[in-house]
Amino acid sequence: MTTAPWAKRRTFAIISHPDAGKTTLTEKLLLQGGAIHLAGEVKARGAARRARSDWMKIEQQRGISVTSSVMTFEKDGIVFNLLDTPGHEDFSEDTYRTLTAVDSAIMVIDAAKGIEPQTLKLFEVCRLRSVPIITFVNKVDREGRPCFEILDEVADKLALDVCPMSWPVGMGGEFEGIFDFASGRLTQPSGDSKAYEGKSSQHSGIDDPSLAEKLSAQGLAKFREEAELAQAGYASFDLEAYRHGDLTPVYFGSALKEFGIEEMIAAIARFAPPPRPQPSEAGTITPDNNEVTGFIFKVQANMDPQHRDRIAFMRLCSGTFKRGMKLTPSGLGKPVAIHSPILFFAQDREIADTAEPGDIIGIPNHGTLRVGDTLSEKNSVRFTGLPNFAPEILRRVVLRDPTKTKQLRKALDDLSEEGVIQVFYPEIGSNWVVGVVGQLQLDVLISRLEAEYKVDAFLEPAPYDTARWLNGSDAALRAFAQFNAGNMAKDRDGNPVFMARSSWDVGYQQEKNPDLTFSATKER
Ligand code: GDP
């Protein structure tokens, strides 16, 4: 085992359906971790300036955060990089992309609701990349579904082995605490708030007679019966299987009442993988590689319409980054000196002097860095696997003032570079088509067109429902395009895209054209 600094990095995200408790859990993790710094301040610093922007208005009106941020804290020698993701159901493309920059994830499930649609979608993205998952079943302080039902649902819906690591003694009004199987520690509510305030006791196991001093007779009897079944009935913990994404350890807790928080941090520290080797065109790049390499997974535009500067979020994959270093972005081909990188760490957001694999660096720039770009010292590496997702909503962009075509094209190119929308240029017809994963992205698009590009446009329904990237031989592509000219478009990189009336249409065309692939994601 290496003692390199990167080996002590844990870069992770929290995935969940809205309202399951992600924000609350994040807060409590930061609190427990002695948290130090909220990268949201990158946002806050310019907030006054930006308050005019319509874009901010959307955030305020809907009470959501559209931008993602990075939170770093250190505990017991481990550096935790928690990448926050927009929690709103509608704005998930950003979330998907952020998941390409993490090595593991915590999946939060509401004990009363089980696996919800957004959880499932995000889980599928994790599975694509075999991102290991620790499950946190939240809100056991309230009446929930039986624990066994939840465990079985995780196992069935996600096709994962589940391993209960702890067990609640009762739920809701009967909640008496949580028992951790590995350590034998019982944590219990105290005071009026019924929160966890440090009341805990140590036991040799679920049969330890001393448990009777801590729990009601009824609660204990039920707990023993359930816990015994739970331990016998599910897979035992297997680090390999977890790290391969085949098994999820399951912890019960209450973010609000602070149950299970310490356990969550300990689990990430002990089990979650350090920075993983990253796939590149020339094979995998391991973190101990000396050359500094990383990729951009997010670009956050400065909301000030007068200044077009942006912060690109880079995940470092190998080497030790030092301030002032020259890196070459794959999209640019010539080196740029990174003079004022932002490292999301320490009490006050200091300008980064060094960063290690697994860390995230914010790089201010004027639009030169794009989502998916690789940065490297020698321009020798190109990472793969940062996907674009097939849009679920397609709209035609119609200009109110037709003389603004050039501005619109520029705006659509910029915003698609940033990853706000995807843009498709149909082979036939003059109205460009934008694609998004969630409705909110469309609102952002329209207000930014107005505020930043002075383009007055509106959206109208497109006769398509979804889009697929086409791959195949030139001849096969040409033949297909001839028959389907009305449905063909190019994306901003010039790749051929089939715009389909329905997913049924995609299936039908795929069957008719077996020598073409219709891909729902495009890897850059
Ligand atoms: P998010 O949308 O996933 O970020 O969810 P939030 O953290 O905002 O939580 C949604 C709601 O659930 C809020 O009203 C929280 O106070 C509440 N909540 C979160 N965790 C718990 C918990 O452990 N127990 C209870 N009873 N409520 C919780």
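The values are calculated or read from the model by the stated rules, or taken from the named source; none is laboratory data. Everything numeric in this text was worked out from a predicted model, so none of it was measured. Reconstructed Cβ throughout: ideal geometry from the backbone, glycine too, with neighbour counts over all protein chains shown. Ligands, DNA and RNA are stripped out before the accessible areas are found, and what is left, the full protein with its side chains, is counted by its heavy atoms. Shrake-Rupley method; radii C 1.70, N 1.55, O 1.52, S 1.80 Å.
Only one of (1) open to solvent by 10 Å² or more (accessible area, probe 1.4 Å); (2) more than 21 Å from GLU262 (Cβ to Cβ) is not met by LEU122, so which one is it?
Checking LEU122 against (1) open to solvent by 10 Å² or more (accessible area, probe 1.4 Å); (2) more than 21 Å from GLU262 (Cβ to Cβ), the one that fails is (1).
Can you say whether GLN509 is more than 15 Å from GLU392 (Cβ to Cβ), open to solvent by 40 Å² or more (accessible area, probe 1.4 Å) and either hydroxyl-bearing (Ser, Thr, Tyr) or in a helix (DSSP H, G or I) (or both), as far as the supplied structure shows? Let's see the steps before the verdict.
Details: more than 15 Å from GLU392 (Cβ to Cβ): yes; open to solvent by 40 Å² or more (accessible area, probe 1.4 Å): no; either hydroxyl-bearing (Ser, Thr, Tyr) or in a helix (DSSP H, G or I) (or both): yes.
Against the criterion (more than 15 Å from GLU392 (Cβ to Cβ), open to solvent by 40 Å² or more (accessible area, probe 1.4 Å) and either hydroxyl-bearing (Ser, Thr, Tyr) or in a helix (DSSP H, G or I) (or both)), GLN509 does not qualify.
Residue by residue, here is whether (1) in contact (Cβ under 8 Å) with a residue 12 or more places away in the chain; (2) open to solvent by 20 Å² or more (accessible area, probe 1.4 Å); (3) within 30 Å of GLY324 (Cβ to Cβ) holds:
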| residue | (1), (2), (3) |
| --- | --- |
| LEU375 | yes, no, yes |
| SER380 | yes, yes, yes |
| PHE383 | yes, no, yes |
| GLU392 | yes, yes, no |
| ARG396 | yes, yes, no |
| ARG400 | yes, yes, no |
| THR403 | no, yes, no |
| LYS406 | no, yes, no |
| LYS410 | yes, yes, no |
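Taking the conditions exactly as written (open to solvent by 30 Å² or more (accessible area, probe 1.4 Å) and of a type in the set (Val, Ile, Thr)), does ILE428 satisfy them or not? Full working, then the answer.
Numbers: open to solvent by 30 Å² or more (accessible area, probe 1.4 Å): yes; of a type in the set (Val, Ile, Thr): yes.
So ILE428 passes the test.
Has the range 241-249 got any residue that is surrounded by fewer than 17 Cβ atoms within 10 Å (Cβ to Cβ) and touching a residue at least 12 places away in the same chain (Cβ under 8 Å)?
yes
Which residues, counting only those in the range 8-32, are within 13 Å of the ligand (Cβ to nearest atom) and of a type outside the set (A, V, I, L, M)?
SER16, HIS17, PRO18, ASP19, GLY21, LYS22, THR23, THR24, THR26, GLU27, LYS28
Tell me, please, whether a residue that is more than 16 Å from the ligand (Cβ to nearest atom), surrounded by 18 or more Cβ atoms within 10 Å (Cβ to Cβ) and either of a type outside the set (A, V, I, L, M) or in the same structural domain as ILE360 (by TED's automatic domain parsing) (or both) can be found in the range 188-195.
no
Quickly run through the range 183-193 and pick out the residues that are at pLDDT 95 or above and not in a strand (DSSP E or B). Break it down into steps so the answer makes sense when it comes.
In the first step, residues of the range 183-193 are kept if they are at pLDDT 95 or above; the result is 183-190.
Of everything in the range 183-193, those that are at pLDDT 95 or above and not in a strand (DSSP E or B) turn out to be SER183, GLY184.
If you go through the range 499-512 one residue at a time, do you hit one that is of a type in the set (Ser, Thr, Tyr) and under 21 Å from VAL434 (Cα atoms)?
Of all residues in the range 499-512, those of a type in the set (Ser, Thr, Tyr) come to 502-503, 508.
Still in the list and also under 21 Å from VAL434 (Cα atoms): 502-503.
So far as the range 499-512 goes, yes, one or more of its residues are of a type in the set (Ser, Thr, Tyr) and under 21 Å from VAL434 (Cα atoms).
VAL70 - would you say it is away from the ligand (no atom under 14 Å from the Cβ), out of contact with any helix residue (DSSP H, G or I) (no Cβ under 8 Å at 6 or more places or on another chain), hydrophobic (A, V, I, L, M, F, W, C) and at pLDDT below 80? Before you say what the answer is, go through the steps one by one.
Working: away from the ligand (no atom under 14 Å from the Cβ): yes; out of contact with any helix residue (DSSP H, G or I) (no Cβ under 8 Å at 6 or more places or on another chain): yes; hydrophobic (A, V, I, L, M, F, W, C): yes; at pLDDT below 80: no.
In short, no.
Which numbered condition in (1) more than 11 Å from the ligand (Cβ to nearest atom); (2) more than 15 Å from SER254 (Cβ to Cβ); (3) touching a strand residue (DSSP E or B) at 6+ places or on another chain (Cβ under 7 Å) is the only one that THR85 fails?
So the condition that THR85 fails would be (1).
Return the residue satisfying two criteria in turn: it lies in the range 139-155 and is among the acidic types (Asp, Glu) and away from the ligand (no atom under 14 Å from the Cβ), and of such residues it is surrounded by the fewest Cβ atoms within 10 Å (Cβ to Cβ). Outline the logic, then answer.
First pass over the range 139-155, keeping only residues among the acidic types (Asp, Glu): 141, 143, 149, 152-153.
Filter once more, so that each one left must be away from the ligand (no atom under 14 Å from the Cβ): 149, 152-153.
Values: GLU149: 12, ASP152: 15, GLU153: 16.
Filtering first and then ranking leaves GLU149.
Go through the range 357-382 and report how many residues are in contact with an Asp or Glu (Cβ under 8 Å, 6 or more places away or on another chain) and modelled with pLDDT under 90.
Summing the residues that are in contact with an Asp or Glu (Cβ under 8 Å, 6 or more places away or on another chain) and modelled with pLDDT under 90 in the range 357-382 gives 9.
Suppose we filter ALA101, ALA111, ALA35 for residues that are away from the ligand (no atom under 13 Å from the Cβ), crowded, with 19+ Cβ neighbours inside 10 Å and at pLDDT 80 or above; which single one remains?
Working: ALA111 fails: away from the ligand (no atom under 13 Å from the Cβ); ALA35 fails: at pLDDT 80 or above.
Being away from the ligand (no atom under 13 Å from the Cβ), crowded, with 19+ Cβ neighbours inside 10 Å and at pLDDT 80 or above holds for just one of ALA101, ALA111, ALA35, which is ALA101.
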